[in-house]
Structure formats: C-alpha cells, structure tokens
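The values are calculated or read from the model by the stated rules, or taken from the named source; none is laboratory data. Treat the numbers as computed from the prediction; the structure is a model and nothing was measured. Backbone-built Cβ (ideal geometry, glycine too); neighbour counts: all protein chains shown. All accessible areas refer to the heavy atoms of the entire protein, side chains included, with ligands and DNA or RNA removed. Shrake-Rupley method; radii C 1.70, N 1.55, O 1.52, S 1.80 Å.
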Amino acid sequence: MMKRLYALIASAVLLLIAIVLPPLPFIVKSYDFVFVLDITRSMNVQDYSDKHGGAISRLEKAKTAMLNAARSLPCGSKVGLAVFTERVPALLYSPIEVCSDYPVLEASIQALDWRMAWVADSNIGQALYNTRELILNNVLAGSKLVFFTDGHEAPPINPRYAPDFGYLDTEDQKEDWKAGIIIGVGELGLSKIPKFDEDGVQIGFYTAEDVPHASRFGLPEDPSKVEGYIPRNGPWGTAKAVGTEHLSSLKQDYLMNLAQQNHMLYHHLENNRDMAKALQNTDFAYEATQPTQFNKIAAALALLMLLYCYQPFRPKWPARK
C-alpha cells in the first residue's frame, strides 16, 4: 500500500509540474533559409512522377519538396520565400519560424504559380547574382540561399556578359564558407515544354520556331567563329540558328558551375527525403537558444503513476507444497 501512496504523491507532483512548468531555454541546432523558386516556363515541364505514377511538373515537385524540407527543420529554424523570373527576384517575405508560422508557409508555397511570372525570359545566372545581392544588402543578411531552378536559360546567354560573382564576396569570408545550396529541378533528358493560353489552358508544346536557339545579345567573344559575320549589321552572322531550345532538361553541369562560383552546394532534386537531408548540412547550421516545453513529458509520467496506483488487484494464489 505504501508503494501506491508514493506513486499517487509522485503523480500529483508531476501533474503540478506539467501545469506550471514554463518553457526552458536550451541551445539547439537551427537553420535560417530563404527559398527562391524559379517560376519560368520550363518549370512547367512534367518530367517527375507522383506517388500514384502520374506526371507532375518541376514546379509542383519543387513546391512539395520545399514544404517537406520546412517540416523537417527543427523548431526555431526560419524560412523566407521568394520567386524569380527573367533576372529579377521578388521577396515575398523574410524568414519566419517553421513551427509556429507553418500554416502561413504552407499556404504561400501552395499558392505559388507560374502565372505569377511578370516576364517570359529566364536568365538564371543573373537572377542568382541579383538574389545573392538582395540577401547581402537586406535584413536577410545571414540567411542561407536555397535556389530552386532547372538551369534553362531562355534565350541562351552570351558568356561574355556573365555576371562576376566575385563582387559579392567579402574579405572575411573563408574559402569553405557556404552561401547556400542550388537545387537542380528536373531530369537530365530533354522534354517538351508545355504552351498555355492566356487563361492557363494548355494548347500544345513549344516548337523550334517559337524560341531563339542562340544568343543575339551584345557582341560574340570570337567573331572569326561566327558564320557570315558582319561587324555592323550582322555581328552574330547571317546563318539561321538551329537547336533544341524548345525542349528542356536539367542543366546540371551549368548549375554545378554556378554553385562553385557562388560558394554554394549543389543537390539534384530526386526525392523529398534526400533534399531535406541536404538542407540540414552542418555548413548551414548555427546554435541558438530555443524555449523548449517539457510539460508533456511530466504529464505522461503522471499518467503512468496513476495507472500504477489504480491497476486491478491481482489475487495471490497460495504456493503449492
């Protein structure tokens, strides 16, 4: 009987602790990210499959992966959200806490749509430069960049005018410092790019006649290699450019090169679990004091003590002689 009395007293004490115990400060591993999503036309390519085997677009796959990654981060971590088209990023909001503000994060990511794009072109390199510059010169300083894109430049870029990412580096940054991670979205094989009307209804796919297959911006690096070069009237030559720019694939080598220039990691989005793990890399973590609730543990222990106190009495059978 005394054991049951002690258990009852312990249960009362634990229940009181569960009611009055405030959150206790603990040092935990946290993360601070800004998710930036490519919403240009090539992101509508359906080269992923859902769990039922149906085709889904790169855009929808990226959105699902973003939500899964946010849910996988420990409480106290923060995620901001932005989109980009052409060369201009648009910050939707600064990083918010992933647990208490998850409903806001979920609703905003699910609402992202390719029709939010304000320009049809896609200049991935310059968009990455402008996004990093936005983070450095904003209240976002200290956040790590998570840049979702398939790397499809439209129209093709002129390497002569590629951005110099060295201007974004500060003197106190070490060689092993990481600005974030580029998430390559899509498959390596070429796929058709869907074409939509002004109401968002698919009306077919882009053809070779619909898109430029070579850069016509600025001057060529080596005019001697341009067929039909005319200095004033035809710096890009008179020959008709042909190619496969009306089809799209993940430009993985290009994105890996961009990641190297920007002190970033690279990850090919194949499944949500591996991407969430890639974001929890030690290069992105920092220690922070996080209020932690232990009330549920105390309440569970109190319940166990009560179960012990009021369990049915077991009859004691006489021992056999």
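Within the stretch 145-157, the residues that satisfy the criterion of being more than 12 Å from Ala127 (Cα to Cα) and either polar (S, T, N, Q) or at pLDDT below 95 (or both) are Ala154, Pro155, Pro156, Ile157.
Scanning the stretch 151-197 for residues being more than 23 Å from Leu136 (Cα to Cα), out of contact with any Gly (no Cβ under 9 Å at 6 or more places or on another chain) and in a loop (DSSP other than H, G, I, E, B) gives a total of 7. Please determine, by comparing only the residues of the stretch 110-166 that are of a type in the set (Gly, Ala, Ser) and over 24 Å from Asp210 (Cα atoms), which one is least open to solvent (accessible area, probe 1.4 Å). This residue is Ser143. What about Lys78, is it out of contact with any Gly (no Cβ under 7 Å at 6 or more places or on another chain), touching a residue at least 24 places away in the same chain (Cβ under 8 Å) and over 21 Å from Gly142 (Cβ atoms)? The answer is no for Lys78. In the stretch 43-58, of all residues being surrounded by 21 or more Cβ atoms within 10 Å (Cβ to Cβ) and of a type in the set (D, E, K, R), the one that is nearest to Phe147 (Cα to Cα) corresponds to Arg58.
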